[in-house]
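Enquirer: Take this structure, written in structure tokens, and hold onto it; I'll ask about it next.
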């Protein structure tokens with residue numbers, strides 16, 4: 001997959017710390033179940049990007065659950081929820097780290113967000129593992145990691161894959177431009193499908209790849225081979 005710089009303008013560390021402190025206080029006052037809402041709100045407020053922001057995390061969580069259910073696999077929802085909503089956190093300031101893969105960095109620091117929210121920290125290593133291997137080119141181990149990995153991979157394909165990639169196009173003609181976005185989609189079409197591992201995930205590959213392939217074919221026809229994009 002073509003590498004794209006992930007990140008947003010720096011946010012105040014103090015503001016993030018205050019948000020987490022408020023979430024921790026809420027969890028302490030009303031029960032540990034509130035950590036889900038604390039994490040969800042944190043992701044919704046701070047992870048904003050058309051390709052790997054909050055909406056992508058929600059889709060990954062829901063699709064991972066669906067795939068596992070179709071395969072008759074029981075997941076630890078605590079692990080899946082935390083990993084799905086926070087797996088791309090290191091693509092955003094102030095968590096991103098130059099020259100460190102966002103998956104590795106997110107796995108390393110995810111406890112800084114989950115700690116004190118009421119999340120059962122005995123499960124943190126499973127969350128780290130799922131986050132570390134969520135990208136299609138990595139090898140997940142364990143059910144939560146496998147189904148998050150497959151959901152994340154499928155989200156690069158089909159109509160949603162098109163929406164994600166074209167959402168990154170610079171409206172001022174910078175990088176990526178339209179032709180570069182097409183190249184990324186073509187790379188996804190070639191590289192992602194073989195890396196979907198679960199039975200339920202593989203059952204969805206053909207429809208999504210066909211959808212993407214047909215879109216690219218039509219786009220080339222209507223854009224002079226993409227030179228007119």
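Values in this text are rule-based calculations from the coordinates and carry no lab data. Bear in mind that the values here come from a model prediction, so they are computed numbers and not experimental data. A quick note on method: Cβ atoms are made from the backbone with ideal geometry, for glycine too, and the neighbour counts reach across all protein chains shown.
Enquirer: With angles folded into 0 to 90 degrees, how steeply does helix 77-86 sit against the dominant principal axis of the chain? Use alpha carbons for both and round to 10.
Expert: Value to nearest ten degrees: 60.
Enquirer: Something else about it: Can you put 154, 148, 219 in order of Cβ neighbours within 10 angstrom, beginning with the fewest? Display every interim value, and only then the final one.
Expert: Values: 154 26, 148 30, 219 18.
Going from sparsest to densest Cβ surroundings: 219, 154, 148.
Enquirer: What shape does region 60-190 take by its C-alpha gyration tensor, where a ≥ b ≥ c are the square roots of the eigenvalues and a/c under 1.5 counts as rounded, a/b above b/c as prolate, and the rest as oblate? It would help to have the intermediate numbers written out before the result.
Expert: Values: a/c = 2.40, a/b = 1.42, b/c = 1.69.
It comes out oblate by the Cα gyration axes.
Enquirer: Then there's this: At a 10 angstrom cut-off on C-beta neighbours, averaged per residue, how do the peptides 99-110, 80-91 rank from highest to lowest?
Expert: Working: 99-110: 17.8, 80-91: 26.2.
Peptide ranking by packing, descending: 80-91, 99-110.
Enquirer: How big is the chain along each principal axis, measuring the range of its Cα positions in Å and listing the largest first?
Expert: 60, 43, 28
Enquirer: Right, another one. Test of understanding: ordering 54, 147 by Cβ neighbours within 10 Å, fewest first, what list do you get? Let's see the in-between values first.
Expert: Values: 54 19, 147 31.
Fewest-to-most Cβ neighbours within 10 Å comes out as 54, 147.
Enquirer: Using the count of nearby Cβ atoms within 10 Å as a rough guide to exposure, how do 184, 121 rank from fewest to most? Intermediate values should be presented prior to the final figure.
Expert: Values: 184 22, 121 13.
Sorted ascending by nearby Cβ count, the order is 121, 184.
Enquirer: Does anyone have the angle between helix 178-191 and the longest principal axis of the chain? Alpha-carbon axes, 0 to 90°, nearest 10?
Expert: 70
Enquirer: Going highest first, how would you order 66-79, 132-145 by mean Cβ packing within 10 Å?
Expert: Values: 66-79: 16.6, 132-145: 19.2.
So the peptides 66-79, 132-145, ranked by packing, come out 132-145, 66-79.
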